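Working notes, structure below.
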Amino acid sequence: MMTSRIHPLLILFTVLVYIFLMGPLIIVLGASVSDTTYLTFPPQGLTLRWFENIFAISAFKRTIITSLELAFLATGLALLIGIPAAYAINRYRIKLPTWLSTVFVLPILVPEIVLGFSLLKSVAVGMDTPIFLTLLVGHMLLVLPYCVRVVSASLASFDFSIEEAAVSLGSPPVKTFFTIVLPNVRSGVIAAFILAFITSINDVSTSLFLTGPGVSTLPIQILAHVEQFFDPTIASVSVLLMLLTVAVMAIVERTLGLTFLAK
Amino acid sequence: MTQALTVQNLTAHYGATKVLEDLSLSVGKGELVSLLGASGCGKTTTLRLIAGFLEPTSGSIRLGDKDLTRLPAYKRDIGLVFQNYALFPHLSVLDNVGFGLKQRGIAPAEREKRAKAMLERVGLSPLADRLPGALSGGQKQRVALARALVIEPPLLMFDEPLSNLDAKLRVDMRVEIRQLQRANGTTSVYVTHDQEEAFSISDRVAIMNAGRIMQFDTPEMLYQRPANAFVARFVGFENLVPMKVSARDGETVTATTPDGSQLKLSQERFGAIPDAFVLAARADGLAVSTDPKAEGIPATLGLRTYLGRAYQYQSDTAAGMLIANGALSSPLEPGSAAKLMPVPDQCCVLQPE
C-alpha cells in the first residue's frame, strides 16, 4: 500500500477548523449542565435542572409549539406554491419571460428587517390581521425563494421528454406530474423542505416585528429571556434546538443518505 | 390495430415564425416512412404535431378514421421512441415497459406477463429488475422500443432513436427496429438526419427542407431520380450544370452547355427534356476523357484525390467547379485539359430552379 504523507500544517489547519466549528457547540453544551445560576464555561458541577426549567417556564413551552407550527405550515405552503412555480419556470423556459424566475428570488434580496417592518405596517396593522397569520405570511415569504430555487435546481437537470414519454403512453398531464416528475425531483423537494424549515425555525429579524402579545416564536422568546435573566436555561434551550436539528439530519441520513444534500 | 396515417395541409408556427408550411403526408398501413432533413427542416416539429405535443395553426391529422388534430396527446395512443430514450429513472425496466399497460387499466398479473414477453422479444429478460441507470445506451433504446411496442399502438414514431449510439450499434439497432416493425406490421414514422439510416430502414422517405417536403418517394427513386435540385444535392449529385436545348431530332436532343459546347442526350433515357434544364451528375456520372474529339464539357483538371476505386478531379469548367472521377489506369496531372462526358444512366435531368 502506498500512503501519501499529509503535511503537518494541513493537519493543524484542519484541527483548527474543527475547533472553530465545534467550539461554540461544546461551550453551549457545557454551560447548559452547569450547576450555577449564571452562564459559565467550563461547567461547575453537573445538573439537568436547567432543562427541567425550560418546561417550567410556560413562555418557552408555548413558543416552542408556535415555532414548530409556523415552520411546518410556512414550509408546507411555500412548497405548495414553490413546486408548481419551479415546474412552470423550467418546463416553459422558452415561452416565459426571463425575469419571471428572478421575481421568485426577490424576497432573498430584501433585508429581512425590511420584510418584517413592511408586513407589520401593511398587514398586521394595516389589515388588522391576527398575529399568527401575519407571522405565517412573513415566514412563508421568507422561505419561498429557497423552495423555488432548490426545486428549480433539481428540475433543471430533469429531462422533460420523460414526461412526454409518459403522456404518450396514456398518462394524463396532472397524473404524470405526480407519478413521473415529482418522484424524480424528490431529493430537491426534501432539501428545500429542510432548508426552509431551518430558516423559519431560526428566524429573528422578520419575527421580531410580527410577534405580539401572547404569540411569540422561540428565538424571540430566547432574546426576551436573555434581556432579563442570565441563567443556563438559555444554554439548555439552545441544546434542545441543536438536538432537533440532529434529529432531522438523522432522519434524512436514514432515509436518503446525507450525500443528496450536496447534489 | 395498426392504422394508416394521413396528414393534410399542416401549417405550424413557433410564435410568429412559420416552421411548417402546408405539409401533407400519407403513411400506409404497416408502412415505415422516414422524415429526412437537416436540423431545423421541420421533421421533428412534424413528429411532435402528430404526437400532440404541439398544436398546428391549420390542417388535419387522421389515424385510420380517427381525427387526432385536437385530441390531447395522452389520448392519441401513439408509441414514441425518443432520441435520449426518456426512460423513467425511478422505475425498473419491467415497470418501464408495463407503464403504458398500467395506464390502460390492465391488471398487474396480465401486465407483468405482457411486459415480460416483450422484454423477451428485445432480448432483455435478464435485466427486468434493473433501473435504467444501470443499462448501456443500446439496452436503454431496446427498453424504450419495448415500452412503445407493448401497448400495440396503431402508430409508432421514432425521433432520431439511434443518434446517441456508436456507429456499429446504430447499424445493428436499425436492423432490429426494422425487423420488429415488420413482424408487428406497425405503421411507423421515423425522423432522422442520417440519409443512410433513412434509406436503409424505410419503405418511403420524405426529404424535408424549410418546413416543406421536397420529395416523397421510395429510397431507390430518391437516389436515382431526384425531382429537384435540392433533393439532387441532398442525395449526392455534386454537379448541377444548367443547359439549353439547341436542336431536337426525334428522341435525340442536342443541348448546349454554358461554354457553348454541344452534348447529345436521349429522351428515351431521361424522359421529356424541357428547353431549359439542369443536368445533375454525381462524380461517377462524369467520365474524364483526354481524347480531344470526345463530346463533353471542356475542363482544366485541378486537385486529384485517390478514392480507392477511382481518381477524383476538381475540374474547372465554364459551368463552375465540377467533380469528376477518372480511371485508375491513367492518372492525369493537375492542369491537364480534358472533356467531362455525362454517363447517361448516372445522370438525370431536372427543371431549372
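The values are calculated or read from the model by the stated rules, or taken from the named source; none is laboratory data. Predicted, not measured: the structure shown is a model, and the values here were computed from it. Cβ: placed from backbone, ideal geometry, glycine included. Neighbour counts: every protein chain shown.
Restricting to the stretch B:33-60, count the residues that are closer than 19 Å to B:P154 by Cβ, of a type in the set (D, E, K, R) and in a loop (DSSP other than H, G, I, E, B).
Residues flagged as closer than 19 Å to B:P154 by Cβ, of a type in the set (D, E, K, R) and in a loop (DSSP other than H, G, I, E, B) within the stretch B:33-60 amount to 0.
Per-residue answers, yes or no, for (1) within 30 Å of B:D77 (Cα to Cα); (2) surrounded by 17 or more Cβ atoms within 10 Å (Cβ to Cβ); (3) of a type in the set (D, E, K, R); (4) in contact with an Asp or Glu (Cβ under 6 Å, 6 or more places away or on another chain):
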| site | (1), (2), (3), (4) |
| --- | --- |
| A:R186 | yes, no, yes, no |
| A:F193 | no, yes, no, no |
| A:A196 | no, yes, no, no |
| A:D203 | no, yes, yes, no |
| A:F209 | no, yes, no, no |
| A:G212 | no, no, no, no |
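Taking the stated definitions as given, is B:A255 among the aliphatic types (A, V, I, L, M), more than 30 Å from B:V27 (Cα to Cα) and either without any contact (Cβ under 8 Å) to a residue 12 or more places away in the chain or not assigned by TED's automatic domain parsing to the domain that holds B:C41 (or both)?
yes
Name the one entry in B:V253, B:V191 that is modelled with pLDDT under 95, buried (at least 16 other Cβ atoms within 10 Å of the Cβ) and among the hydrophobic types (A, V, I, L, M, F, W, C).
Unique residue meeting the criteria: B:V253.
If the requirement is being more than 28 Å from B:E220 (Cα to Cα) and either within 14 Å of another protein chain (Cβ to nearest Cβ) or touching a Pro at 6+ places or on another chain (Cβ under 8 Å) (or both), which of these qualifies: B:G64, B:G59, B:G100?
Answer to the check: B:G100.
Among the residues of the stretch A:105-115, are any among the charged types (D, E, K, R), more than 30 Å from B:F82 (Cβ to Cβ) and in contact with a Ser or Thr (Cβ under 6 Å, 6 or more places away or on another chain)?
Scanning the stretch A:105-115, I find at least one residue that is among the charged types (D, E, K, R), more than 30 Å from B:F82 (Cβ to Cβ) and in contact with a Ser or Thr (Cβ under 6 Å, 6 or more places away or on another chain), so the answer is yes.
Search the stretch B:209-220 for residues that are within 16 Å of B:V27 (Cα to Cα) and pair each with any residue that is hydroxyl-bearing (S, T, Y) and in a helix (DSSP H, G or I) when their beta-carbon atoms are under 6 Å apart and the residues are at least 6 apart or on different chains.
none
Can A:L9 be described as out of contact with any Asp or Glu (no Cβ under 6 Å at 6 or more places or on another chain), exposed (fewer than 15 other Cβ atoms within 10 Å of the Cβ) and either closer than 19 Å to A:P219 by Cβ or not aromatic (F, W, Y) (or both)?
It is true that A:L9 is out of contact with any Asp or Glu (no Cβ under 6 Å at 6 or more places or on another chain), exposed (fewer than 15 other Cβ atoms within 10 Å of the Cβ) and either closer than 19 Å to A:P219 by Cβ or not aromatic (F, W, Y) (or both).
On the given criteria, is B:G30 in contact (Cβ under 8 Å) with a residue 60 or more places away in the chain and assigned to a strand (DSSP E or B)?
So B:G30 does not fit the description; no.
Give me a count of the residues in the stretch B:159-188 that are farther than 22 Å from B:G42 by Cα, buried (at least 17 other Cβ atoms within 10 Å of the Cβ), β-branched (V, I, T) and out of contact with any helix residue (DSSP H, G or I) (no Cβ under 8 Å at 6 or more places or on another chain).
0
Assuming B:V143 fulfils every condition listed in (1) more than 23 Å from B:F88 (Cβ to Cβ); (2) out of contact with any strand residue (DSSP E or B) (no Cβ under 9 Å at 6 or more places or on another chain); (3) among the aliphatic types (A, V, I, L, M); (4) buried (at least 24 other Cβ atoms within 10 Å of the Cβ) apart from one, which condition is it?
(1)
Please go through the stretch A:48-84 and pick out each residue that is farther than 30 Å from A:Q228 by Cβ, surrounded by fewer than 20 Cβ atoms within 10 Å (Cβ to Cβ) and among the small types (G, A, S).
A:G76
Would you list the helices (runs of 4 or more DSSP H) that sit entirely within the stretch A:138-217 and hold 2 or more residues that are closer than 21 Å to B:K140 by Cα?
In the stretch A:138-217, A:161-168 are the helices (runs of 4 or more DSSP H) which contain 2 or more residues that are closer than 21 Å to B:K140 by Cα.
List every residue pair whose Cβ atoms sit under 6 Å apart, with the two residues 6 or more apart in sequence or on different chains, where the first one lies in the stretch B:8-22 and is under 13 Å from B:N209 (Cα atoms) and the second, anywhere, is buried (at least 17 other Cβ atoms within 10 Å of the Cβ) and polar (S, T, N, Q).
The qualifying pairs are B:V19/B:T45; B:L20/B:T45.
Residues in the stretch B:157-178: is at least one under 27 Å from B:L63 (Cβ atoms) and facing chain A (nearest Cβ under 9 Å)?
yes
Determine which member of the set A:T179, A:T211, A:T206 is touching a Ser or Thr at 6+ places or on another chain (Cβ under 9 Å), polar (S, T, N, Q) and more than 10 Å from every other protein chain (Cβ to nearest Cβ).
A:T211
Determine if the stretch B:296-312 includes at least one residue that is surrounded by 13 or more Cβ atoms within 10 Å (Cβ to Cβ), of a type in the set (A, V, I, L, M, F, W, C) and in contact with a Phe, Trp or Tyr (Cβ under 6 Å, 6 or more places away or on another chain).
Yes, the conditions are met somewhere in the stretch B:296-312.
Could we say that A:I113 is surrounded by fewer than 16 Cβ atoms within 10 Å (Cβ to Cβ), touching a residue at least 12 places away in the same chain (Cβ under 8 Å) and either within 14 Å of chain B (Cβ to nearest Cβ) or part of a helix (DSSP H, G or I) (or both) here?
yes
Tell me whether the stretch B:271-293 contains one or more residues that are within 31 Å of the chain's Cα centre (by Cα), crowded, with 18+ Cβ neighbours inside 10 Å and aromatic (F, W, Y).
Yes, because at least one residue in the stretch B:271-293 is within 31 Å of the chain's Cα centre (by Cα), crowded, with 18+ Cβ neighbours inside 10 Å and aromatic (F, W, Y).
I'd like to verify a number: residues in the stretch B:288-323 that are part of a strand (DSSP E or B) and not basic (K, R), how many?
Of the residues in the stretch B:288-323, 22 are part of a strand (DSSP E or B) and not basic (K, R).
Of all residues being more than 7 Å from every other protein chain (Cβ to nearest Cβ) and under 28 Å from B:I61 (Cα atoms) in the stretch B:78-97, which is surrounded by the fewest Cβ atoms within 10 Å (Cβ to Cβ)? Just the residue, please.
B:Q83
Do we have any residue at all in the stretch B:23-45 that's closer than 23 Å to A:P173 by Cα, touching an Asp or Glu at 6+ places or on another chain (Cβ under 8 Å) and within 14 Å of chain A (Cβ to nearest Cβ)?
Taking every residue of the stretch B:23-45 in turn, at least one turns out to be closer than 23 Å to A:P173 by Cα, touching an Asp or Glu at 6+ places or on another chain (Cβ under 8 Å) and within 14 Å of chain A (Cβ to nearest Cβ).
A quick yes/no check of all residues on (1) more than 14 Å from chain B (Cβ to nearest Cβ); (2) touching a residue at least 24 places away in the same chain (Cβ under 8 Å); (3) at positive phi:
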{"site": "A:T134", "(1), (2), (3)": "yes, yes, no"}
{"site": "A:M140", "(1), (2), (3)": "yes, yes, no"}
{"site": "A:F160", "(1), (2), (3)": "no, yes, no"}
{"site": "A:A166", "(1), (2), (3)": "no, no, no"}
{"site": "A:G170", "(1), (2), (3)": "no, no, yes"}
{"site": "A:A192", "(1), (2), (3)": "yes, yes, no"}
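Could you list all residues from the stretch B:103-122 that are in contact (Cβ under 8 Å) with a residue 12 or more places away in the chain and more than 11 Å from chain A (Cβ to nearest Cβ)?
B:R111, B:E112, B:R114, B:A115, B:K116, B:M118, B:L119, B:R121, B:V122
When B:R111 is evaluated against the numbered criteria (1) crowded, with 17+ Cβ neighbours inside 10 Å; (2) under 26 Å from B:F53 (Cα atoms); (3) touching a helix residue (DSSP H, G or I) at 6+ places or on another chain (Cβ under 6 Å), which criterion, by number, is the only one it fails?
(2)
Every residue in the stretch A:198-244 that is of a type in the set (V, I, T) and within 18 Å of A:A31 (Cβ to Cβ), please.
A:I222, A:V226, A:T233, A:I234, A:V237, A:V239
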